[in-house]
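Below is one structure; the comments refer to it alone.
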Amino acid sequence: MANQAWQLTAPGTITLNDLETPIPKPGPNQALVRIHAVALNPGDILLANFSDKYPVKAKLGQILATDGAGVVEEPGPDSIWKKGDRVVIHPSKWLSGPQENMTFDSFAGTTADGMLRRWLVWDDDRLFRAPSHLSLEEASTLFVAGVTAYRALFYGSFRPQPGMTVLTEGTGGVSCFAILFAKAAGMKVIATSSSDEKLEVARKLGADAKINYRKIPECQILGGALTIFGQAGSGSKEVSDEMSAFVEKHRLRPQIARVFEWEEADQALKAMERLEAPGKIVIRV
């Protein structure tokens, strides 16, 4: 059986190819994972278009996408995983500790091949268990957007407490997760967007108040508090495990805008670029 992948063949263009290399075999403390779902992120668009706004550059032939989830098909020698385990890929080598431990070295979907393939071999300690109540399509969204939102809320300059108020901007993947996490932690959420339709999605996720800033420009005033959370590698494997347990404990479900089939991955990339709907764009593999 051939391994298939969507590869970058021109700026903004991916093509489905049969890979010349066979399906890999796992080594010690590794597992062969059959990818079942891939979630897209804005960074994938920047990479695909060779944008100067992203800290690393893609190469032609590269397999994109940082977010993926699947099922262990074959554990390697001494692997902690077993056949049939449902797992989420942790794409980086940042396993624990502070931000200084973050590196783009071998970071899947950026400096190394990503998730838009049917099979991959991954190190045991760079996999985390998918929450039991989520589909693999839902679980595939957890790393980039989920961990980013989780760190912004629980690892920032303040310690969140029940009753605090959180403001979310827009209804992209990170903001949707932030609403879910903040409400689960007992906080109040004010959601902002330029679209009433998208604000209704925020309300369904749990937002207590919603502001269409195009209709209410008075919401933009001087003063107040601002936190900027930028390109920071999402989070460590340790934080990924913690976030996944939080999702499991509170039975949270990610907001998915649309699921594309494997043969439609190129269309999914275009939909991600248009940012048409609130939530995550997912590809079923």
*Taking the condition in contact with a helix residue (DSSP H, G or I) (Cβ under 9 Å, 6 or more places away or on another chain) and within 28 Å of R129 (Cα to Cα), does S240 pass?*
yes
*Qualifying residue in region 205-221 (condition: in contact (Cβ under 8 Å) with a residue 40 or more places away in the chain and acidic (D, E))*: no
*asked:* If the requirement is being of a type in the set (G, A, S), at negative phi, touching a His at 6+ places or on another chain (Cβ under 6 Å) and modelled with pLDDT of 95 or more, which of these qualifies: A207, A178, A184, A202?
replied: A184
*Would you check which residues across region 138-164 are within 11 Å of the chain's Cα centre (by Cα) and not polar (S, T, N, Q) and list them?*
E138, A139, L142, F143, V144, A145, G146, V147, A149
*Within region 171-203, restricting attention to residues that are within 21 Å of the chain's Cα centre (by Cα) and charged (D, E, K, R), which residue is farthest from V247 (Cα to Cα)?*
K198
*Taking helices (runs of 4 or more DSSP H) that do not extend beyond region 122-185, which have at least 3 residues that are surrounded by 18 or more Cβ atoms within 10 Å (Cβ to Cβ) and assigned by TED's automatic domain parsing to the domain that holds A277?*
136-139
*If you go through region 253-284, how many residues are surrounded by 23 or more Cβ atoms within 10 Å (Cβ to Cβ) and part of a loop (DSSP other than H, G, I, E, B)?*
3
*asked:* Quick test of your reading of the structure: T111 fulfils all but one of (1) within 28 Å of K183 (Cβ to Cβ); (2) among the polar types (S, T, N, Q); (3) under 17 Å from the mean Cα position of the chain (by Cα). Name the failing condition by number.
replied: (1)
*Unmet requirement for F104, which otherwise passes all of (1) touching a Leu at 6+ places or on another chain (Cβ under 9 Å); (2) among the hydrophobic types (A, V, I, L, M, F, W, C); (3) not in a strand (DSSP E or B)*: (1)
*asked:* Out of everything in region 236-251 that is of a type outside the set (K, R) and in contact with a Ser or Thr (Cβ under 7 Å, 6 or more places away or on another chain), what residue ends up being surrounded by the most Cβ atoms within 10 Å (Cβ to Cβ)?
replied: S236
*Yes/no for K210 being in contact with a Gly (Cβ under 6 Å, 6 or more places away or on another chain) and surrounded by fewer than 21 Cβ atoms within 10 Å (Cβ to Cβ)*: no
*All but one of (1) assigned to a strand (DSSP E or B); (2) surrounded by 23 or more Cβ atoms within 10 Å (Cβ to Cβ); (3) of a type in the set (D, E) hold for E73, so report the exception by its number.*
(2)
*Do you know which of the residues in region 204-217 that are farther than 23 Å from H250 by Cα, in a loop (DSSP other than H, G, I, E, B) and not hydrophobic (A, V, I, L, M, F, W, C) is farthest from the chain's Cα centre (by Cα)?*
K215
*Give region 42-56 a look and list any residue that's in a loop (DSSP other than H, G, I, E, B) and at negative phi, or say none.*
N49, S51, D52, K53, Y54, P55, V56
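The values are calculated or read from the model by the stated rules, or taken from the named source; none is laboratory data. Being a predicted model, the structure only gives us computed values, none of them experimental. Don't worry about glycine lacking a Cβ; one is built from the backbone with ideal geometry, like all the others, and counts go over all protein chains shown.
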